[in-house]
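This report refers to the structure that appears directly beneath it.
Here, each number is a calculation from the coordinates, and none is a lab measurement. Please read all numbers here as calculations on a predicted model, not as lab measurements. Backbone-built Cβ (ideal geometry, glycine too); neighbour counts: all protein chains shown.
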Amino acid sequence: MVADRCPHRGVPLSLGKVAGPTLQCPYHGLRFNGAGACVHNPHVKGDPGRLAVRSYPVVERFGAVWVWTGDAALADAAKVPDYSWFDAGRPGYRTVRGQLHVQAGFRLVIDNLLDLSHAEYLHAGTVGTPGSSGSLKASVDVGRTVSPCCERCSTCRRRRCSSRCGTRRSASTSTPT
Ligand code: FES
């Protein structure tokens, strides 16, 4: 996967087109391969130069594309969580796939999905089973500080620690059982 920003003038590469094994920028037509290297510049003869777009290691597993946005040298496909039931299915269950476009930062979506204690109340009548919030137990282990909204990050002092902070520690949250 490559960043959605041409390294030449910053045009979103998602507006371009696929040209064989490359992605062609819609502005000046530079072409980039899957590793992000510029492999074709229609305005020069020969070597297209060292221009490159940032690329990210990916692995396709369990019907999803897992993108490693951190240090590429540390990418480890073995760290992809086991969601094998998405592939194999389980008796009595079926997998439903789809997309939900949210006009918000992805961290807010993660916060929401990890906070299952709200389901009984906010989603009463649909997926919120009465009494379920008291039996939920979750554990999260992350590489960055994720402060509950009532705390401040010990390093950057922001109420919600952002990626700009870079503080590394393990944080765990759990809901009452
Ligand atoms: S902006 Fe992409 S090739 Fe010029």
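Structural remarks
- Identity of the residue in the range 12-24, in a loop (DSSP other than H, G, I, E, B) and closer than 17 Å to Ser55 by Cβ, that ends up nearest to the ligand (Cβ to nearest atom): Gly16
- Cys6 being surrounded by 17 or more Cβ atoms within 10 Å (Cβ to Cβ) and part of a strand (DSSP E or B): no
- So Arg54, is it surrounded by 12 or more Cβ atoms within 10 Å (Cβ to Cβ) and more than 16 Å from the ligand (Cβ to nearest atom): no
- Taken over the range 57-75, residues that are assigned to a strand (DSSP E or B) and surrounded by 14 or more Cβ atoms within 10 Å (Cβ to Cβ) amount to 4.
- Residue in the range 64-86 that is of a type in the set (S, T, N, Q) and touching a helix residue (DSSP H, G or I) at 6+ places or on another chain (Cβ under 6 Å) present: no
- Residue pairs whose Cβ atoms lie under 7 Å apart, sitting 6 or more positions apart in sequence or on different chains, and linking a residue in the range 92-112 that is in contact (Cβ under 8 Å) with a residue 24 or more places away in the chain to a partner that is surrounded by 10 or more Cβ atoms within 10 Å (Cβ to Cβ), are Thr95/Phe86; Thr95/Gly89; Arg97/Gly63.
- Summed over the range 33-51, residues that are closer than 25 Å to Asp71 by Cβ and either touching a residue at least 40 places away in the same chain (Cβ under 8 Å) or more than 9 Å from the ligand (Cβ to nearest atom) (or both) total 8.
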